[in-house]
Amino acid sequence: MNNFTYKKVETINEAVQEISKNKKANFIAGGTNLIDLWKYDLAHPESLIDINSVSTMKQIKVLESGGLSLGALVTNSDTAYDAIVSTKYPLLSRAILAGASAQIRNSATNGGNLLQRTRCYYFYDKTSPCNKRNPGSGCPAKNGLNRMHAILGTSENCIAVFPSDMCIALAALDATVNVSGPNGDRKIAFTDFHRLAGNSPEKDNNLEHDEIITGLTLPNEDFSQYYSYLKLRDRNSYAFALVSVATAMRLEHNKIETIRIALGGVAHKPWRDFEAEQFLEGKEPNRKNFTEAAKMIIKTAKGYGDNDFKIELSVKAIVRNCMMALHPETQRPGAQPSL
Amino acid sequence: MEKENQNNQIHHYDESNTSVVNLTINGNLKQLKVQPWVSLLDAIRDHSNLTGTKKGCDHGQCGACTVLCDGKRILSCLSLAVMKDGSEITTIEGIATDGDLHPLQTAFIEHDAFQCGYCTPGQICSAIGMLQEGKAHTREEVKEQMSGNLCRCGANTNIIDAIMEVKEKTL
Ligand SMILES: Cc1cc2nc3c(=O)[nH]c(=O)nc-3n(C[C@H](O)[C@H](O)[C@H](O)COP(=O)(O)OP(=O)(O)OC[C@H]3O[C@@H](n4cnc5c(N)ncnc54)[C@H](O)[C@@H]3O)c2cc1C
Ligand code: SF4
Ligand code: FES
Ligand code: FES
């Protein structure tokens, strides 16, 4: 554990200015991931820039487009229980409430959630090699303990999964990530924000060091009628997903008009398969069609031993979650044995 | 880098890199001189001599360090004291009034809701926060909302009984 300096900033500009001064500076928001990584001697910030006083990043507002803007500093709890989020985007509330614990959600922020790091055991064990932590040192997970690890979009260099629940719903809802940096603002489509491990597993996402996430935008789309988030894990609560599925759907004359299916716990980023979604559009929302789509989604899946079970589990989870999405009123977030 | 920062007077620390953090803990204003890496938990236990709040894992996994910060339950092990400057903190030492136990304390005793007692301060602070949030209605929901507090002695059934009793009384 190293020592560091600490500074509070009040505005986005000031935050960007401060971070640009030092490659080894880090923002701190809720602190629930960064402080943990620092205590494990895995993060070594020279200076912490506390962004919690940047008031412009603390609001949830309806946009002129009818979409919803979620400030990066709004806590995961306040987002999940927000009146508009829970009525217009209930899938997001469900996914957030399936993650972590009430105490952690009270501190954790929307921006920080996107940037949480993998829970790969070897990444956390600083005595072991790990391409993500120490590029070029190897990936012991591939031939080691890999029960938690990825089955889709893996690379020779890293088979870690991105552990967020919230982000799986954001991927299904086609959110946009709003970012500010020294060269101004930019918007990143949610599915382009996180990366596959490829040849640079040390990079989890496409945010630059000197950029700040200012917020998220949810498009003006209604998925409040048919939606479901299913999280399968080793215990009923307070555990990371082995496999999770977010489904958002609209029906027209009992046919699927639009469907989005995003998977968690299976890849280095929230996983969407546009081909499978297109296949379902115009079809009846039934078990047979969902099974066919699920098989398309896992077509390229590859197990590494301990995690082979995730392939079959994903098919079942996708089908079950899409069926549950037809009856969202029967779901109770977290408080259902099957969740 | 650090030197340059100090010249620009960006930091408000003295030479030893400490800053004064104002925390109102259980109604008493404390001015603590702490370094930026001191967790809120260590500020409470080691710098304020309030050892009711427990350190279980120090990594966010057990809930023993739960306190109320501006009325909300948080994990003090995953917060830095400097980040909470100006906040009001309530710990287990601050919930009894004029010598009368808080109803949850009484209910924990009546329901035999602890064995070793190590998780208890966190359980009770967490339960106070949960009741104030008002999101849990059924027993199942209370269990879910209390899942961030582990009990290695396995007193969970009695813990939930105690909380349910207080919840029903205060409704
Ligand atoms: C025991 C435990 C269990 C958990 N279980 C789950 C779970 O089941 N599901 C789940 O989804 N999550 C889980 N989490 C993770 C939790 O959701 C994250 O730790 C949290 O969302 C991170 O948010 P934060 O604000 O605390 O981030 P911080 O720790 O403050 O920051 C994380 C990273 O993001 C950077 N950062 C923060 N905000 C910004 C910004 N606005 N712009 C640019 N950079 C920024 C920081 O520099 C840092 O690198 C768990 C955590 C713990 C400790
Ligand atoms: S899977 Fe990725 S994070 Fe885990 S050991 Fe391999 S390289 Fe490191
Ligand atoms: S000591 Fe904070 S959660 Fe365990
Ligand atoms: S009473 Fe011993 S840990 Fe809960």
* Asked: Is it the case that some residue within segment A:105-124 is farther than 25 Å from A:L207 by Cβ and either near ligand 1 (Cβ under 9 Å from one of its atoms) or more than 20 Å from the chain's Cα centre (by Cα) (or both)?
  -> no
* To do: Kindly indicate whether B:E110 is at pLDDT 95 or above, more than 10 Å from chain A (Cβ to nearest Cβ), more than 16 Å from ligand 1 (Cβ to nearest atom) and open to solvent by 30 Å² or more (accessible area, probe 1.4 Å).
  => yes
* To do: Kindly indicate whether any position in segment B:125-148 is away from ligand 1 (no atom under 16 Å from the Cβ), more than 14 Å from every other protein chain (Cβ to nearest Cβ) and in a helix (DSSP H, G or I).
  => no
* **Residue satisfying all of: in segment A:1-33; open to solvent by 20 Å² or more (accessible area, probe 1.4 Å), within 9 Å of chain B (Cβ to nearest Cβ) and not in a loop (DSSP other than H, G, I, E, B); farthest from A:V74 (Cα to Cα) among these** => A:K21
* To do: Give just the number: which of (1) over 17 Å from the mean Cα position of the chain (by Cα); (2) closer than 24 Å to A:A293 by Cβ; (3) open to solvent by 10 Å² or more (accessible area, probe 1.4 Å) does A:S155 not satisfy?
  => (2)
* Looking at A:A276, is it among the aliphatic types (A, V, I, L, M), buried (at least 21 other Cβ atoms within 10 Å of the Cβ) and away from chain B (no Cβ under 14 Å)? -> no
* Asked: Which of (1) away from ligand 2 (no atom under 11 Å from the Cβ); (2) over 25 Å from B:E144 (Cβ atoms); (3) more than 14 Å from every other protein chain (Cβ to nearest Cβ); (4) buried (at least 24 other Cβ atoms within 10 Å of the Cβ) is the odd one out, the single condition A:L73 does not satisfy?
  -> (3)
* Structure fact -> Expected single match for open to solvent by 20 Å² or more (accessible area, probe 1.4 Å), in contact with an Asp or Glu (Cβ under 8 Å, 6 or more places away or on another chain) and not β-branched (V, I, T) among A:P140, A:P135, A:P129 is A:P135
* Does B:C69 count as within 16 Å of ligand 1 (Cβ to nearest atom) and under 24 Å from A:F27 (Cα atoms)? -> yes
* Return yes when A:V315 is β-branched (V, I, T) and buried (at least 22 other Cβ atoms within 10 Å of the Cβ) and no when it is not. => no
* Take the residues in segment B:115-124 that are under 18 Å from the mean Cα position of the chain (by Cα) and more than 10 Å from chain A (Cβ to nearest Cβ), then tell me which one is most open to solvent (accessible area, probe 1.4 Å). => B:Y118
* Structure fact -> Per the list (1) within 14 Å of chain B (Cβ to nearest Cβ); (2) surrounded by fewer than 18 Cβ atoms within 10 Å (Cβ to Cβ), residue check on A:I84 breaks on (1)
* Would segment B:94-103 turn up any residue that is open to solvent by 70 Å² or more (accessible area, probe 1.4 Å) and under 20 Å from A:T32 (Cα atoms)? -> no
* Do we find that B:S79 is closer than 20 Å to A:G30 by Cα, modelled with pLDDT of 95 or more and out of contact with any Asp or Glu (no Cβ under 9 Å at 6 or more places or on another chain) in this structure? -> yes
* **Pick from segment B:56-93, criterion touching a helix residue (DSSP H, G or I) at 6+ places or on another chain (Cβ under 6 Å) and open to solvent by 20 Å² or more (accessible area, probe 1.4 Å), ranking: farthest from ligand 4 (Cβ to nearest atom)** => B:K84
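The values are calculated or read from the model by the stated rules, or taken from the named source; none is laboratory data. These numbers come from a predicted model, not from an experiment. Reconstructed Cβ throughout: ideal geometry from the backbone, glycine too, with neighbour counts over all protein chains shown. What goes into the accessible areas is simple: the full protein's heavy atoms, side chains included, and nothing from ligands, DNA or RNA. Shrake-Rupley method; radii C 1.70, N 1.55, O 1.52, S 1.80 Å.
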